[in-house]
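Okay, so here's the structure we're looking at.
The values are calculated or read from the model by the stated rules, or taken from the named source; none is laboratory data. It should be emphasised that the depicted structure is a prediction, and the values quoted were computed from it without experimental measurement. Here the Cβ positions follow ideal geometry from the backbone for every residue, glycine too, while neighbour counts run over all protein chains shown. Areas reflect the complete protein model, heavy atoms only, side chains present, ligands, DNA and RNA absent. Shrake-Rupley method; radii C 1.70, N 1.55, O 1.52, S 1.80 Å.
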Amino acid sequence: MRWTRYPLSTMKETPAEAEIVSHRLMLRAGLIRRLAAGIYTWTTFGLLTLRKVEAIIREEMDRAGAFEVLMPAVQPAELWQESGRWAEYGPELLRFTDRGERAFVIGPTHEEVITDLVRRELQSYRQLPVNFYQIQTKFRDEVRPRFGVMRGREFIMKDAYSFHIDEASLAEGYEQMRVAYTRMFTRMGLTFRAVRADSGAIGGSASEEFQVLADSGEDAIAFSDVGDYAANLEMAEALAPAAPRAPARAALQRAETPNVRTIAALTKFLAVPAAQCAKTLLVEGASGGVVALVLRGDHELNAVKAQKLPGVASPLRMASPDAVLAASGAEPGYVGPVGLACPVIADRSAAALADFVCGANARDTHFTGVNWGRDLPEPEVADLRNVVAGDPSPSGQGTLSIARGIEVGHIFQLGRKYSDAMNCAVLDEAGRSTNLYMGCYGIGVTRVVAAAIEQNHDDRGIIWPEPIAPFQVVLVPINIARSQRVRETADRLYDELTRAGIEVLLDDRDARPGAKFADAELLGIPHRIVVGERGLDAGKLEYRHRRAEASEDCPLDDALGFLRARLAPR
RNA sequence: CGGGGCAUGGCGCAGUCUGGUAGCGCAUCUGCUUUGGGAGCAGAGGGUCGCAGGUUCGAAUCCUGCUGCCCCGACCA
């Protein structure tokens, strides 16, 4: 493509609304333009990448044996009333009526429509299992759309729904999707993890999120350096320390600690490591009263784990300062498990402490040399904390790292929720009507593009992973208006590379070199060839990969061969 | 939904407090010069100042209402 004939406009300045890198770069590079809150136009240029992502998804879904369909964006309310979600779904569901006052929704997802289709079309277990997918525009009236296309209201999603005669078949279908997703994101050149997720309200036995790793991600995930264990931080189990608790050596002593209310202050004041301190949090109990949760000083409470404990109120609520005073006799900052009347639950690591430091339940006082079993009863033990980097993996292999991720895909075993509600059944081998088991599998297609940028950029612009780059090569002729030699060489190269099937953007604008370089870097095209008088004199072109620090020479008479050796196979 | 903020040419902003000719940078167009890291000079085009009322001789500016958008907290692809 010749730049001067292409509807592409870049921006030097960033629109004020753009908060995160991918949003800024997508606007500056001209991939998207905003129409309304959370609603964007994809430009001709932006579509190049979007279509590549879609193509990879299609190929892998087809390879996995799924069948593409295209369902309507507009759906009748009756289906949603039948599934029960008309009432369950909140204001995120965009509802409207047509001229005949009939109620409709704009689909945020398509379980109802596909279930309706399948119950009409399939009659026999012989037609199963089957998986239908589509790539289609969805609408969710998000409370707070933000970050451009990352959390838009209108977005493109690949959603797939599989149907099975029994749970074993569902598990197989689910596993096939897991494999397909892994192939897709690998092919897109993204660094990602399949993460165990809380199957949550939807229910079902299994659920995994596919998270693209990026520092700006909204989700924290823990993953092992050995094997493929990965889980949401809330879900990752913190194992008990491998070593048994050390024997008590120190004597229980009372220490004056005026105005020392935090672990940080305590470690300084008494010159003890945080890992030798116990912090005691009082939370509301399930049936009134309070419960003491004891953690090591260097650990954080995991609210999801805590509120799952039978004695603890769910959702988790911290006890009020008054309740803390009433239960412990001290204000927050001096609470400790010694002599507490309320139930005490210790994190596995805290329970393994010996000779530890904790609050003495009296103002300006702590205990040192505290030991479970000797100075206070052995506590109830539970997993209460967030895992931290370096913890052993719950899989038993390797140690954990913590990273941030962007959720780009989610696969679920739904079970029979929709087939029961909507009476979606076939006849089984015995001729009995049987409701089907369902799986559902989503990918945020538009979000994938944003996530790819979040993961792959520098301060100059985007750095596209090659498989989803809008162009493979950018040709930058220097001083094209003056030098006929440069122009002719660039034209010839452009024709040659294009004929060879390479996607080339020729920057044939009469612009200064600096402006062209800056734009090429902003657009993030992986391979750059510079044509200039300087090089031509020496029979050379100049090549540089978008990630490379420096340029290298490229032979003028074999640019094609030179490039082919560097382009990713398609 | 609760809290805060913004709305002035395509983009980024000043002007609003203290009413009086609508301005700056970038971008765009023309000409000349320039050409290896976002050029210089000269000129040009482009704005119902979010919308509707009101106050006033006069409103971007003051008052009222509305709308749109952005940012901070509970979900999701």
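Could you list all residues from the range A:115-152 that are on the phi < 0 side of the Ramachandran plot and among the aromatic types (Phe, Trp, Tyr)?
A:TYR125, A:PHE132, A:TYR133, A:PHE139
Can you give me the ranges of the strands (runs of 3 or more DSSP E) entirely in the range A:432-532 with at least 1 residues that are among the hydroxyl-bearing types (Ser, Thr, Tyr)?
Once the strands (runs of 3 or more DSSP E) in the range A:432-532 are filtered for at least 1 residues that are among the hydroxyl-bearing types (Ser, Thr, Tyr), what remains is A:433-435, A:437-444.
Hey, among A:ARG24, A:ARG34, A:ARG51, A:ARG58, which residue is under 29 Å from A:GLU218 (Cα atoms), assigned to a strand (DSSP E or B) and under 26 Å from the mean Cα position of the chain (by Cα)?
The conditions single out A:ARG34.
Answer with yes or no whether A:ALA568 is of a type in the set (Gly, Ala, Ser), in contact with a helix residue (DSSP H, G or I) (Cβ under 9 Å, 6 or more places away or on another chain), free of Cβ contacts under 8 Å to residues at least 12 places away in the same chain and open to solvent by less than 40 Å² (accessible area, probe 1.4 Å).
Answer is no for this residue.
Just to check your reading of the model, which residue among A:ALA382, A:ALA481, A:ALA430 is open to solvent by less than 40 Å² (accessible area, probe 1.4 Å) and small (Gly, Ala, Ser)?
Of A:ALA382, A:ALA481, A:ALA430, the one residue that is open to solvent by less than 40 Å² (accessible area, probe 1.4 Å) and small (Gly, Ala, Ser) is A:ALA382.
Between a first residue in the range A:109-125 that is open to solvent by 30 Å² or more (accessible area, probe 1.4 Å) and a second residue that is of a type in the set (S, T, N, Q), which pairs have beta carbons less than 9 Å apart while being 6 or more apart in sequence or on different chains?
Partner pairs satisfying both residue conditions: A:ARG119/A:SER419; A:ARG119/A:ASN423; A:GLU121/A:GLN127; A:TYR125/A:THR434.
Any residue at all in the range A:159-176 that is within 16 Å of RNA strand B (Cβ to nearest atom), polar (S, T, N, Q) and assigned to a loop (DSSP other than H, G, I, E, B)?
no
What number of residues in the range A:2-27 are within 11 Å of RNA strand B (Cβ to nearest atom), in contact with a helix residue (DSSP H, G or I) (Cβ under 6 Å, 6 or more places away or on another chain) and touching a residue at least 24 places away in the same chain (Cβ under 8 Å)?
The qualifying residues number 4.
Tally time: how many residues in the range A:249-293 are closer than 17 Å to A:ALA350 by Cβ, free of Cβ contacts under 8 Å to residues at least 60 places away in the same chain and open to solvent by less than 60 Å² (accessible area, probe 1.4 Å)?
8
Yes/no per residue for (1) over 18 Å from A:THR257 (Cβ atoms); (2) without any contact (Cβ under 8 Å) to a residue 12 or more places away in the chain:
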residue	(1), (2)
A:ASP322	yes, yes
A:SER328	no, no
A:GLU331	no, no
A:VAL335	no, no
A:PRO343	yes, no
A:ASP347	yes, no
A:ASP355	no, no
A:ALA360	no, no
A:ARG363	no, no
